[in-house]
Amino acid sequence: MKEELIRKVQLTDKEMPTAWYNIQADLKDLPPYLNPQTLKPVTAEELAPIFPPEIIKQEMSKERYIDIPDEVQDIYHTYRPSNLHRAYGLERMLGTPAKIFYKYEGNNATGSHKLNSAVPQAYYNKAAGIKRLTTETGAGQWGSALSMACCHFGLECQVYMVKVSYNQKPMRRTFMQTFGAGVAASPSNLTQFGRDYLAQNPDSNGNLGIAISEAVEDAVSRSDTNYALGSVLNHVAMHQTIIGLETQKQFEKIDMYPDIVIACAGGGSNFSGIAFPFVRDKLQGKADTRIIAAESAACPSLTKGVYAYDYSDVGHMCPITKMYTLGANFMPSGVHAGGLRYHGMNPIVSKLYHDGVIEAAAYSQLDTLKAGMAFAQAEGIIPAPESTHAIKCAMDEALKAKEEGVSKTIVFCLSGNGYFDMYAYEALLAGSLKDSNAPEIDKNKISLPKIAGLQE
Ligand SMILES: *Cc1c(COP(=O)(O)O)cnc(C)c1O
């Protein structure tokens, strides 16, 4: 086949990986989650009120590969393996010698990669006899994914949706309700935390940290109910490695290996998903790949935050985590990339960044949505506002390659499509879109837990 004709690299059903990659097997000295009261590493028993045994095991496992259950593979097969596309249109638009590829994760009903973790999480809870799951959602993609997964396994689903999105994205709400989920605007009056928060801040638009606290409180208060998180945690990152494992097989098929791997990073799950298998190769000395996390300048936890133990949620109900953070009370401005507005970052991604294994860059929304529009025109897919950060980063790297006159192979994760987020493009077209980057951040003033001995 002429090279020009390799427009997309497909895997057959049989070629879909049947195990996830657990990077914890290959990393030493990962700081444990701590109990905020005792400062001791969190135990499996302490997590049992909100997670099923298999998820707890995976969160702390050192096993290198973990089999994907048949029931989960069955659902994966309805939308996976996902295609690896060659972005010829974008390459021509940029006039770059770089070869740009993207792994498209928006090709399922929910429109993003989040279904890759929603399905196993619903499955393991069902297997443990749980009847109902609670969760939070910001932009709505995770709530949509969990609603669909719960519907499949016959679980009830209660979603706490950050109030500003609840009001801005009525179609996301309807999507979740279509799959039978209950959706509440957070802060809500369904939980004590929500009621207390509303009493103090009656006009609050909510944020992810508040919604997490509500969902956790709901799960803790009922024995038939567990909690599911769509990002940040290690088991979520591991479920997403199906993305990178497939990508590696696809590159093998065309006898190539990327020089640069890019993904946007909010809590770090789609980034982990595409990156961890490449990090494995890098740690083994098989390749010297550059691996870049593209974050929002409105919430730049890696590039502007500190690496420290911090709370994961506003209500301080969850374990404290060593990660790059802007502080649990950081209130990012209202950018369209709602999925990139978490104050912290997955602890493994944080450690890899701290150790210099991966890089990070932050982009503001005017630049990223313009990149998203260029990508749409060149490639025919309107990307999710979150994914446009990865596109912007890939475009910058491709232009750098052009300047340097070298041909680099670049792959990025197109984590989702933007068909529920057309307001972002509407604002860009209307000329009303503004940058809303985080204000200058003084690292010494980032609010961290005031617990003696914690940061030593
Ligand atoms: C949620 C989301 C993100 C950000 O979450 P990560 O856990 O960092 O991947 C990015 N892209 C899309 C499309 C999302 O839905």
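Taking amide H positions as placed in the peptide plane 1.01 Å from N, state which residues far from Glu295 in sequence (5 or more) or on other chains have amide H under 5 Å from it.
Those qualifying (amide H under 5 Å, at least 5 residues apart or on another chain) are Ala265, Ala361, Ala362, Tyr363.
How long is the gain from Arg290 to Arg195 if the chain were fully straight, where each residue apart is worth 0.36 nm and the alpha carbon distance is subtracted?
29.6 nm is the gain from fully extending Arg290 to Arg195.
Could you tell me the distance between the Cα centroids of region 268-347 and region 1-77, to the nearest Å?
17 Å
Starting at 0 and stepping by 5 Å, how many percent of the alpha carbon pairs of region 325-381 end up in each bin?
Pair shares across the bins are 4, 14, 17, 20, 18, 15, 9, 3.
Could you compute how fast region 10-114 diffuses translationally, taking Rh as the Kirkwood radius over C-alpha pairs and applying Stokes-Einstein at 4 °C with viscosity 1.567 mPa s? Give it in µm² per second.
After rounding, the answer is 74 µm²/s.
Can you give the extra length, in nm with one decimal, that the chain gains between Thr78 and Tyr65 once fully stretched, where that is 0.36 nm per residue apart less the Cα-Cα distance?
Working: separation 13, 0.36 × 13 = 4.68 nm, distance 2.27 nm.
Length gained between Thr78 and Tyr65: 2.4 nm.
Give the angle, between 0 and 90 degrees and rounded to the nearest 10, that separates the Cα long axis of helix 241-253 from the longest principal axis of the Cα atoms of the chain.
Relative to the chain, helix 241-253 is tipped by roughly 10 degrees.
Over the Cα atoms of region 343-443, what is the Rg over Rh ratio if Rh follows Kirkwood?
Ratio of gyration radius to Kirkwood radius for region 343-443: 1.00.
With just the Cα atoms of region 144-187, tell me how far they stretch along each of the three principal axes, in Å, largest first.
Rounded to whole Å, the extents work out to 30, 19, 12 Å.
How large are Rg and Dmax for region 168-256 when calculated on the C-alpha trace, in angstrom?
Looking at region 168-256, its Cα Rg and Dmax stand at 18.5, 60 Å.
Extent of region 111-207 along each principal axis, from alpha carbon coordinates, in Å, largest to smallest?
40, 27, 19
Ignoring ligands, DNA and RNA, please state the percent of accessible area on the chain from carbon and sulfur, probe 1.4 Å.
Result for the chain: 51 percent of the exposed heavy-atom area is carbon or sulfur.
Pop the C-beta distance of Tyr257 and Glu403 into the FRET formula with R0 = 25 Å and round what comes out to the nearest 0.05.
Working: r = 23 Å, r/R0 = 0.92.
E between Tyr257 and Glu403, to the nearest 0.05, is 0.65.
Please determine, in degrees from 0 to 90 and to the nearest 10, the orientation of helix 387-404 with respect to the longest principal axis defined by the Cα atoms of the chain, where the helix direction is its Cα long axis.
With both axes taken from Cα atoms, the answer is about 30 degrees.
Normalised by the number of residues in the chain, what is the relative contact order in percent for Cα pairs under 8 Å and 6+ residues apart?
19 percent
With no solvent and one equal point scatterer placed on each C-alpha of the chain, evaluate the Debye formula and give log10 I(q)/I(0) for q = 0.08, 0.10, 0.11 Å⁻¹, two decimals.
Computed log10 I(q)/I(0) values: -0.41, -0.66, -0.81.
Hand me the GluC sites (Glu not before Pro) from region 22-94 located in a DSSP loop with no more than 13 other Cβ atoms within 10 Å, in residue order please.
Glu63
At a Förster radius of 41 Å, what calculated FRET efficiency corresponds to the Cβ-Cβ distance of Asp281 and Val220, to the nearest 0.05?
0.55
Rounding to the nearest 20 debye, state how big the charge dipole of region 32-102 is about its Cα centre with +1 on each Lys and Arg Cβ and -1 on each Asp and Glu Cβ.
Values: 8 positive and 10 negative charges, 124 e Å.
Its charge dipole is roughly 600 debye.
Can you give me the long-range amide H partners of Ala19? Hydrogens built in the peptide plane at 1.01 Å from N, cutoff under 5 Å, separation of 5 or more residues or another chain.
Ile68
Can you find, among Leu428, Ser415, Asn444, the residue sitting farthest towards the positive end of the charge dipole of region 402-444, where Lys and Arg contribute +1 and Asp and Glu -1 at Cβ?
Farthest along the dipole direction, towards plus: Ser415.
Once the Cα atoms of helix 141-153 and of the chain are each reduced to a long axis, what angle between those two axes, in degrees from 0 to 90 to the nearest 10, is obtained?
Helix 141-153 sits roughly 70 degrees off the main axis of the chain.
In terms of modelled amide H atoms, which long-range or inter-chain residues lie less than 5 Å from the amide H of Thr137?
It is Tyr160, Met161, Val162, by chain and number.
Using each residue's phi in region 431-436, evaluate 6.51 cos²θ - 1.76 cosθ + 1.60 at θ = phi - 60° and report the 3J(HN,Hα) Karplus result to the nearest Hz, with x for Gly and Pro.
So the Karplus estimates, Gly and Pro as x, are x, 9, 6, 10, 6, 9 Hz.
Any idea what % of Cα-Cα pairs in region 52-124 are farther than 18 Å?
Summing the P(r) of region 52-124 above 18 Å gives 56 percent of all pairs.
Can you pull out the cysteines in the chain that have no other Cys Cβ under 4.7 Å?
If one checks each Cβ against the other cysteines of the chain, Cys151, Cys264, Cys299, Cys318, Cys393, Cys413 turn up with nothing under 4.7 Å.
Over all alpha-carbon pairs in region 8-61, figure out the percentage whose distance exceeds 16 Å.
60 percent
Please report the projected area of region 205-244's Cα convex hull averaged over all directions, in nm².
One quarter of the hull surface, i.e. the mean projection, equals 3.9 nm².
Going by Cα centres, region 383-456 and region 233-263 are how many Å apart?
20 Å
Let's test the formula: R0 of 30 Å, r as the Cβ-Cβ distance of Ile451 and Thr43. What FRET efficiency results, to the nearest 0.05?
According to the calculation, E is roughly 0.95.
For Met331 and Thr18 in the same chain, what is the full-extension length gain: residue separation times 0.36 nm, less their Cα-Cα distance, in nm?
Fully extending the segment from Met331 to Thr18 adds 108.7 nm.
The values are calculated or read from the model by the stated rules, or taken from the named source; none is laboratory data. These numbers were taken from a predicted model, which means no experiment stands behind them. Because the Cβ atoms are built from the backbone with ideal geometry, glycine has one as well, and the counts that use them run over all protein chains shown. Remember, those area values only see protein heavy atoms, side chains included, never the ligands or the DNA or RNA. Shrake-Rupley method; radii C 1.70, N 1.55, O 1.52, S 1.80 Å.
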